[in-house]
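No value in this document is a laboratory result; all are computed from the given coordinates. This structure is a prediction, so every number in the text was calculated from the model and none was measured. Because the Cβ atoms are built from the backbone with ideal geometry, glycine has one as well, and the counts that use them run over all protein chains shown.
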Amino acid sequence: MIDSSKGYHKPRFYYGWIIVIVVALAGFTQSAETYPVLGVFLKPMTKEFGWSRSVFTGAASIGTLLGGVLALVTGPLLDRYGPRWMLTIGFIILGGSLILMSGISALWQYYVLQIIGRVMLMGVVSMAVQVIIPKWFVEKRGRAVALSGLGMRAGNTITPLYVQFLVSTWSWRAGTAVSGAVIWVVSLLPVAIFLRRRPEDMGLLPDGVTPEDLEQTLDTAPGTGAHTPRQEVSLSVRQVVRLPSFYLLTAAFSLLSIVLPGTLLHLIPYLTDQGLSDGVAVAIVSVWSASGAIGGLIFGFLAERRNIRLVLAGGILLMAAGFFFLLIVESPVRGFIWGFYTGLLGGGIFTLQQVVFADYYGRDSLGAIRGIFWPVQLVANSVGPVIAAYAYDTAGNYSLIFTVFGILILVSSLCIFLARPPVVLPHPVTPLENT
């Protein structure tokens with residue numbers, strides 16, 4: 001059905017679901033440069049070259065910081081031009097850096113390639129992937145983000161397993177080469193062919209609705225028990241940076257970005273230090289990733305029906321208990337329990353992190369808004385693994401740092417609880433915080 005006055009039409013199949021599939025494929029392959037997979041390489045590479053864990057971690061941390069600087073540029077560009085060619089170039093460079101890493105023979109070569117790979121991952125790929133879906137959905141944003149996140153969770157589940165197999169059967173060099181090739185094979189063509197900036201560019205509205213659908217829903221009499229549609233806001237960067245909620249959200253997710261990368265990079269070494277085998281340790285990481293897919297779906301649907309702030313704060317609070325439990329993981333059973341429980345919550349929190357910014361501040365300037373927030377988060381992302389490595393190199397164990405991580409998660413939950421959404425008043429009044 002064509003609406004001649006607006007130019008929007010009712011699609012038989014909403015193209016946004018194609019975007020969800022493409023983002024899922026992108027999430028699957030980007031896992032090759034994430035900390036769970038780098039954790040597989042940590043012991044064999046440091047053993048071969050005689051590096052400390054701090055030295056190994058340093059390259060990823062530097063690349064993450066530089067990726068944050070790049071995100072200041074890529075965020076506004078995503079809003080203006082879309083993610084299609086930016087992601088295509090990012091995947092070409094990311095896959096190439098991993099393939100070339102299989103031939104390194106010196107520390108400087110590792111640092112150059114690892115820094116380039118992390119810059120592409122954090123400054124382009126991860127930034128773009130988290131902005132794309134919220135621009136295509138409003139009412140169904142939670143489930144769409146959760147479904148697209150299944151790709152990353154599948155990648156974090158499968159990639160460590162096949163990389164560990166390659167490392168055990170041949171060498172870590174085979175693992176880096178194959179994981180780089182997978183990026184090129186799985187992601188490049190779908191991204192280059194199918195990605196689009198936003199539904200309006202294709203004569204569509206978010207969720208595949210038409211103006212008539214919106215009017216009919218909005219005209220539904222209140223008190224009838226019908227679902228009240230979500231009122232979309234559209235705040236500029238200038239408005240958002242004047243809101244306390246933006247800084248509370250930034251603080252909360254930055255604390256999580258210290259804790260989670262710092263834990264994931266060192267999780268496999270920690271579990272093997274606790275007496276678990278390499279295979280069991282990798283399997284626990286895979287359970288963590290797989291349960292995250294379930295958590296993402298659960299939290300995604302909850303976000304469409306419940307107060308996203310309370311759901312998010314509660315999930316983070318429950319996650320804190322998991323980090324204290326990690327200190328007593330000394331058997332496979334406890335390890336798998338920890339992996340399932342923490343992964344379930346982590347998947348839900350990761351999903352809602354993408355949803356909450358769009359729900360609070362709207363779609364129009366989402367890339368630019370996250371472009372401001374993202375560098376701060378990436379600074380935290382780079383700090384966590386280094387702190388954990390330093391704690392291990394100094395104390396010979398991870399007990400103290402994991403305790404500190406648990407406390408930081410508690411503080412993160414409090415920040416989310418205090419971050420009330422803005423109340424949007426009629427234009428041109430600037431939105432004020434809900435009291």
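Seen through its C-alpha gyration tensor, with square-root eigenvalues sorted a ≥ b ≥ c, the stretch 308-434 comes out prolate because a/c lies at 1.5 or above while a/b is bigger than b/c. Between the listed residues Gly68, Ser331, Val411, the Cα displaced farthest toward the positive end of the dipole of the chain, a dipole computed from Cβ unit charges relative to the Cα centre, is found at Gly68. Across all C-alpha atoms in the stretch 7-131, the radius of gyration and Dmax reach 17.1, 64 Å.
With the charge dipole of the chain set up from +1 on Lys and Arg Cβ and -1 on Asp and Glu Cβ about the Cα centre, the Cα lying farthest toward the positive end among the listed residues Ile18, Ile89, Ile349 is that of Ile89. Taking the C-alpha atoms only, the angle from helix 107-120 to the longest principal axis of the chain is near 10 degrees. Dividing the Cα radius of gyration of the stretch 278-374 by 2.2 N^0.38 Å, with N the residue count, gives 1.24.
What you get for the chain, charging only the Cβ of Lys and Arg (+1) and of Asp and Glu (-1), is a dipole of about 220 debye around the Cα centre. In this Cβ point-charge picture (+1 for Lys and Arg, -1 for Asp and Glu), the stretch 282-435 has a dipole of about 260 debye about its Cα centre. Checking the a/c ratio against 1.5 first, then a/b against b/c, what shape does the Cα gyration tensor give for the stretch 66-183? It comes out oblate by the Cα gyration axes. Neighbours of Leu195, meaning other residues whose beta-carbon lies under 12 angstrom from its beta-carbon, give a summed charge of +4 when Lys and Arg score +1 and Asp and Glu score -1. Using the Cβ-Cβ distance between Asp393 and Ser277 with R0 set to 22 Å, the FRET efficiency works out to roughly 0.40.
Please report the net charge: other residues with Cβ closer than 14 Å to the Cβ of Leu352, K and R +1, D and E -1. Local charge sum for Leu352: +3. Taking square-rooted eigenvalues a ≥ b ≥ c of the alpha carbon gyration tensor, is the stretch 135-198 rounded, prolate or oblate, where a/c under 1.5 means rounded and, failing that, a/b exceeding b/c means prolate? Verdict is oblate for the stretch 135-198. Placing +1 on the Cβ of each Lys and Arg and -1 on the Cβ of each Asp and Glu in the chain, which of His266, Leu78, Phe246 has its Cα farthest towards the positive end of the resulting dipole? The residue sitting farthest along the positive end of the dipole is Leu78. When +1 charges are put on Lys and Arg Cβ atoms and -1 charges on Asp and Glu Cβ atoms, the dipole computed for the stretch 1-157 relative to its Cα centre reaches about 400 debye. Using helices alone, I'd like the mean residue ellipticity at 222 nm for the chain: each DSSP H run of four-plus residues gives -39500 (n - 2.57), total over residue count, nearest 500. Roughly -25500 deg cm²/dmol at 222 nm, from the helical runs in the chain. Where does helix 126-136 land angle-wise versus the long Cα axis of the chain, in degrees 0 to 90, nearest 10? So the inclination is approximately 20 degrees.
A simple count of charges around Ser286, restricted to other residues whose Cβ falls under 13 Å of its Cβ and scoring Lys, Arg +1 and Asp, Glu -1, yields 0. To the nearest ten degrees, helix 399-418 and the longest principal axis of the Cα atoms of the chain are 10 degrees apart. For the pair the stretch 60-129 / the stretch 266-343, the C-alpha centres are spaced 27 Å from each other.
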